[in-house]
Structures are given as C-alpha cells and as structure tokens.
C-alpha cells in the first residue's frame, strides 16, 4: 500500500491529481497501472511551480490527460531524490529554471522534459509528446 500518495506537498491543485512524493512508489504504481510517470521537481517558494500546479494542471484537458496516462510524482528540490537528480544531470543539463518536469516510462527511462513555467496549452503539448514515446 503506498504511503506517499495524496495531495501535492506544496500547492493546492484543486484535487486534479493524486501525487506520490516517492519516485520509487510512483514507478511501482505506473508499472501496476500501465502508465507513464509525470514528475514535478520544484519547491514551495517557486512562483512558476505554484503556477504550474495551481493553474495549468487543474485545467480540464490537462487533468484528464495526466490522469488517463500518467502517475504524478512531486519531488521537493530542497530534499532531492538521487534518481531525479540523475535524470536532470543526464537528460536536461541545460535546465536552469524551476519547475523541472520529467516524463518517464514505468521503468524510469526518460521520455521528455521541460524547465520553467508552462501554460496549460504548452503542458498539453508536452504530455502529447511524452505519451507518444515508448
């Protein structure tokens, strides 16, 4: 039974997603549910992180696509998980602006990633790009 599933740890997404705060549990859930993984890597003091979680993610189309095809994981960059740091270092060394968003398969293999704020429309494009990759 997952111990780290619930509301986003920093922001109120109006119940759009159930969030894991452990990448390993998120990956296990993705494997069990045959979904991919959406990882939001940010911090409580980040305005762009707040805008993503409270603004773009609750958008009806974004929420529907994420719930349909992804398991959501929120990682606090002030208490980073090594696996997430490795994803950033290996696949997004250019990333400088929070939030970092990573899309992986159920095994944790990188599919797509972004750095900085995203509108709902941009997020939908990112989701489609990640969902189309195997």
Q.
Could you work out [θ]222 nm for the chain from helices alone, using -39500 (n - 2.57) per DSSP H run of at least four and dividing by all its residues? Round to the nearest 500 deg cm²/dmol.
A. -10500 deg cm²/dmol
Q: Determine, from the Cβ-Cβ distance of residue 133 and residue 89 and an R0 of 22 Å, the FRET efficiency 1/(1 + (r/R0)^6), rounded to the nearest 0.05.
A: 0.60
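Would you mind telling me the antiparallel percentage of the DSSP bridges in region 5-131, rounded to 5? Please report the intermediate quantities before stating the final value.
On the way: 12 of 21 bridges.
Once the DSSP bridges in region 5-131 are tallied, antiparallel ones form about 55 percent.
Would you kindly state how much longer the chain becomes between residue 119 and residue 48 on full extension, computed as 0.36 nm times their sequence separation minus their alpha carbon distance, in nm to one decimal?
On the way: separation 71, 0.36 × 71 = 25.56 nm, distance 1.01 nm.
Taking 0.36 nm per residue and subtracting the Cα distance, the gain is 24.6 nm.
Only counting other Cβ atoms within 10 Å, I'd like 65, 34 sorted with the fewest neighbours first. Before the final figure, lay out each step's value.
Numbers: 65 17, 34 8.
Lowest to highest Cβ neighbour count: 34, 65.
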Q: Would you compute, for the Cα atoms of region 72-134, the largest minus smallest coordinate along each principal axis and list the three values in descending order, in whole Å?
A: 29, 26, 22
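Given R₀ = 30 Å, what would the calculated FRET efficiency be for residue 18 paired with residue 96, taking r from the Cβ atoms and rounding to 0.05? Can you show the working numbers first?
Numbers: r = 29 Å, r/R0 = 0.98.
Taking R0 as 30 Å, the efficiency between residue 18 and residue 96 is 0.55.
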Q) Tell me, how many Å apart are the Cα centres for region 80-114 and for region 26-56? A) 11 Å
Q | Selected from 32, 72, 120 as most flexible by GNM, with the chain as the system and alpha-carbon contacts under 10 Å | A | 32
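Going by how many other Cβ atoms sit within 10 Å of their own, how do 110, 102, 70 line up, fewest first? Walk me through the numbers on the way to the answer.
Values: 110 17, 102 27, 70 22.
Fewest-to-most Cβ neighbours within 10 Å comes out as 110, 70, 102.
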Q.
Starting from the 7 Å offset along Cα-to-Cβ, what nm value, one decimal, do you get for the label separation of residue 82 and residue 109?
A. 2.3 nm
Q) Among 107, 35, 63, which one shows the biggest mean-square fluctuation in a GNM of the chain, springs joining Cα atoms closer than 10 Å? A) 107
Q.
What are the equivalent ellipsoid semi-axes of the chain, built from the alpha-carbon gyration tensor (square roots of five times its eigenvalues), in whole angstrom, biggest first?
A. 18, 17, 16
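Run the numbers for residue 59 and residue 33: contour at 0.36 nm per residue of separation, minus the present Cα-Cα distance, in nm. Could you put the intermediate results ahead of the total?
Numbers: separation 26, 0.36 × 26 = 9.36 nm, distance 2.30 nm.
Separation in residues times 0.36 nm, less the Cα-Cα distance, equals 7.1 nm.
Taken together, the values in this text are just the output of simple stated rules run on the coordinates, not laboratory data. Since the model is a prediction, treat every value here as computed from it, not as a measurement. Positions of Cβ are generated from backbone atoms using ideal geometry, with glycine treated the same way; all protein chains shown enter the neighbour counts.
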